[in-house]
Amino acid sequence: MIGRYYTGVMILSVFGLVVMSVVVMINHTLSRTNKKLFIASYIMTMAGALFEWGAYSLSATSAPVWLHIFVKTMELVIAPAIPLAVVPAIYHNKRLMKAMVAIAVVNAAIEIISAFTGFVFYFDAANIYHHGQFYFLYIAMYILETAGLLFATIMALRVYQGKDSSILILVFLYMVTGISMQLVDSKIRVDYITITIVLMFFYIVHEDILRSSDSLTKILNRHSYDTKLSNISDRSLVVNIDIDFFKQCNDTYGHLFGDEVLRITAAVIRATLPKRGLCYRTGGDEFCVVIEDPSINPDSYLEHLHESMLAKRAIMPSLPFISTGYAVFDPAKESIFDAIERADNMMYKFKNLRKKLLAEGLEPTYPELLEILRNTPLAQV
C-alpha cells in the first residue's frame with residue numbers, strides 16, 4: 001500500500017514539473033536564459049525523483065549491488081544541486097554562485113566516496129538502504145544550498161523593493177519540514193513533492209517581480225503605482241519627479257544615452273528612499289515616490305535627493321537636472337488624486353522656475369529654489 005501511494009506521489013511530482021516546464025516555455029516575459037535555468041531545475045528535480053523512486057523500487061531485490069549504489073548516489077548528488085540551477089534566474093551574484101557550486105562539488109565528492117565506504121549511506125546484505133554515521137553531511141549540504149536560494153530571493157526582493165520577506169522564511173521552513181519528515185520516518189517519502197511545490201513558489205515570486213517592475217530602471221512600474229494608489233489609507237508623502245530637458249538629451253546624445261539617464265536617475269531615487277518609501281516609474285521620464293511615514297520632513301528628503309543628483313552630475317556633467325514637487329496626503333481630508341495634482345502643480349512650478357533661472361545663467365540649489373517658490377506669486381513663475 002505504501003509503495004503504491006509513494007509511486008502516485010512521484011508520478012504527480014514529475015507530472016507537475018512537466019506542466020511547469022511547458023508553462024515556462026510558453027512564457028513570453030522570460031528571457032531565453034531564464035527559461036533554460038528554470039527548466040534545468042525542473043529536469044534535475046525529475047531526475048532526482050526518478051532516481052529516488054528507482055532506489056526504493058530496487059530495495060530488497062536481487063539486482064546487483066552496484067546498481068543499488070549507483071542509483072542512490074545519483075539521487076544524493078542531484079538533490080542538493082537543484083537550487084543551484086534556479087538561483088541565477090532570480091538573483092545573479094558571482095560570490096553566491098561560486099559558494100553554491102563549491103558546496104555542490106563537495107557534496108558530489110562525499111557521496112561518490114560514500115558509495116565505496118558507506119559513511120553517508122550503505123546497503124546491507126539484503127540490499128536495503130540505510131543512513132550512514134555521517135548522513136548529516138548530506139543534510140547539511142542540502143540545507144546550505146536551499147539557504148543560498150532563500151538568500152538570493154531575499155536579495156532580489158530588496159533590489160525590486162519587495163518589503164516583506166517573511167513568506168520566504170515560511171517557505172524555507174516548509175521545505176525543511178518536508179525533508180525532516182522523511183528523516184524521522186523513512187516511510188514518509190514527501191521530499192520531492194515538497195521540492196516541486198517550492199520550485200513552483202519561486203517561479204511565482206520571479207513572475208511577480210517581472211510583472212511589478214520596470215524592465216529598464218528595475219524600479220516599480222506604472223501598474224504597481226496604480227495598484228498602490230488604490231490601497232493607500234494612511235497619511236503619506238507623495239513626491240512627483242520629472243527629468244528636465246529629457247527630450248533634448250535624446251535628440252542630442254541619442255536614445256541609448258536617454259536610457260542611461262533614466263537608469264541613473266532611478267538608481268539615485270532608489271538609493272535615497274527612506275525605509276517606508278517606494279519609488280515608481282510612472283511614465284517616460286516621470287517618477288513618483290510614495291512614503292508612508294508621516295514623520296518624514298519633505299524638504300529634508302528632497303534636499304538629499306537633489307544633492308545626490310548633483311553628486312552624479314559632478315561625475316557625469318551631461319546628466320540633466322530633475323524637478324520635484326510634493327504633497328502630504330491626508331485620507332481624512334482629500335483623495336489621493338487631489339494630493340497627486342498638488343504635487344504635480346508644485347513640480348511644474350519648480351521646473352518652470354529652474355528653466356527661467358538657467359536661461360539667466362543661474363544654477364540655484366534646491367533650498368534656494370524652494371525659497372523663491374514660496375515667495376513668488378504663481379503667475380510670476
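The values are calculated or read from the model by the stated rules, or taken from the named source; none is laboratory data. Quantities reported herein were computed from a predicted structural model and do not represent experimental measurements. Counting neighbours? That spans all protein chains shown, and the Cβs are built from the backbone with ideal geometry, glycine included.
Quick notes
- Of the residues in the stretch 160-167, at least one is out of contact with any strand residue (DSSP E or B) (no Cβ under 7 Å at 6 or more places or on another chain) and under 20 Å from L96 (Cβ atoms).
- Beta carbons closer than 8 Å, at least 6 apart along the sequence or on distinct chains, pair a first residue in the stretch 258-281 that is assigned to a helix (DSSP H, G or I) with a second that is among the small types (G, A, S) and surrounded by fewer than 21 Cβ atoms within 10 Å (Cβ to Cβ) for V268/S308; A271/S308.
- Qualifying residue in the stretch 317-339 (condition: assigned to a helix (DSSP H, G or I), over 17 Å from V238 (Cβ atoms) and under 32 Å from the mean Cα position of the chain (by Cα)): no
- Where I241 falls short, out of the listed (1) in a helix (DSSP H, G or I); (2) at pLDDT 95 or above; (3) not small (G, A, S): (1)
- Any hit, the stretch 120-127, residues being in a loop (DSSP other than H, G, I, E, B), touching a Gly at 6+ places or on another chain (Cβ under 9 Å) and either more than 30 Å from S212 (Cα to Cα) or modelled with pLDDT of 90 or more (or both): yes
- Restricting attention to the stretch 195-215, the residues that are out of contact with any strand residue (DSSP E or B) (no Cβ under 7 Å at 6 or more places or on another chain), surrounded by 14 or more Cβ atoms within 10 Å (Cβ to Cβ) and over 25 Å from L50 (Cβ atoms) total 5.
- For the stretch 225-247, the criterion of being buried (at least 19 other Cβ atoms within 10 Å of the Cβ) and under 19 Å from the mean Cα position of the chain (by Cα) is met by at least one residue.
- Under the condition of being without any contact (Cβ under 8 Å) to a residue 24 or more places away in the chain, crowded, with 16+ Cβ neighbours inside 10 Å and assigned to a loop (DSSP other than H, G, I, E, B), the residues counted in the stretch 177-194 number 0.
- Answer from L144, L199, L170 - the residue that is under 30 Å from Y225 (Cβ atoms) and either part of a helix (DSSP H, G or I) or touching a Phe, Trp or Tyr at 6+ places or on another chain (Cβ under 9 Å) (or both): L170
- Any chance Y253 is in contact with a strand residue (DSSP E or B) (Cβ under 6 Å, 6 or more places away or on another chain) and touching a residue at least 60 places away in the same chain (Cβ under 8 Å): no
Results for (1) among the hydroxyl-bearing types (S, T, Y); (2) touching a Pro at 6+ places or on another chain (Cβ under 6 Å); (3) free of Cβ contacts under 8 Å to residues at least 40 places away in the same chain, shown as yes or no for each residue.
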residue: G54; (1), (2), (3): no, no, yes
residue: P80; (1), (2), (3): no, no, no
residue: L96; (1), (2), (3): no, no, no
residue: F121; (1), (2), (3): no, no, no
residue: T153; (1), (2), (3): yes, no, no
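- Filter result for F116 (at pLDDT 85 or above and either at positive phi or crowded, with 17+ Cβ neighbours inside 10 Å (or both)): no
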